[in-house]
Amino acid sequence: MTRGSAATAALAGALALGLVACSGGEGDEARPALRATGAYVPQPPTQEVAGAFLTIENTGDADDTLVSVSSDAAGTVEIHETVDNQMRQVDSLPVPAGGELDLARGGNHVMLLDLSRRLVEGETVSLELRFETSDPITVDVPVESATHTGE
C-alpha cells in the first residue's frame, strides 16, 4: 500500500468512527412505551353521562402525557382529575416513565358526555387515547354492570 493510500484509508476510518460516535443512534433516545389495560365502563343509569376507567402503563424510559380522549359513543369526552374529593376537568394527565396513569372510580377518570345511545352491559365502546408524544391508542372498552369496580 502506498503512503497516500494508507493516509486515505486512515482518514476514512477516522471519519467513520466519528460519525458512529456522534450519531447516538435513533434507538438510543428515550421513548415512552404505552399500553392500556383493565378498561371498563360501568353501565350508566341514564343516557346522559358515563365514566370510563383504565390504566395506562408506560414501560418506556420517557414520560408522556394523555392530552385527549374521544369516543364513538359520546359527543364530548373530558379528562377529569379528583383532588380532595373534588372532580374537575383538566387538559391533560401525566403518564410517568416506568409508571402508570390509573384512571379509577373515586380518582382520575374519563367522562363520556352527550352519549349517542344508552350504554348496556355486554356492549363495547371505542375510546381513542391521544398523547403528547406517542401515537394514539384505540381501546375497545366493555360496558360492565353498574356496580363493577374493575377488581
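The values are calculated or read from the model by the stated rules, or taken from the named source; none is laboratory data. Since the model is a prediction, treat every value here as computed from it, not as a measurement. Here the Cβ is made from the backbone with ideal geometry for all residues, glycine too, and neighbour counts use every protein chain on show. These accessible areas exclude ligands, DNA and RNA; they are computed on the full protein's heavy atoms, side chains included. Shrake-Rupley method; radii C 1.70, N 1.55, O 1.52, S 1.80 Å.
Observations, loosely collected:
- Note on Asp135 and Arg88: their simple-model spin labels are 3.6 nm apart, each label 7 Å out from Cα toward Cβ.
- Think of a 1.4 Å ball rolled over the protein heavy atoms: the stretch 41-151 then has 52 Å² of accessible area per residue.
- Stretchable slack from Ala33 to Thr76, in nm (0.36 nm times residue separation minus alpha-carbon distance): 12.8 nm
- Fraction of alpha-carbon pairs over 21 Å apart in the stretch 62-133 - percent: 30 percent
- For the stretch 31-151, the convex hull spanned by the alpha carbon atoms encloses 97 Å³ per residue.
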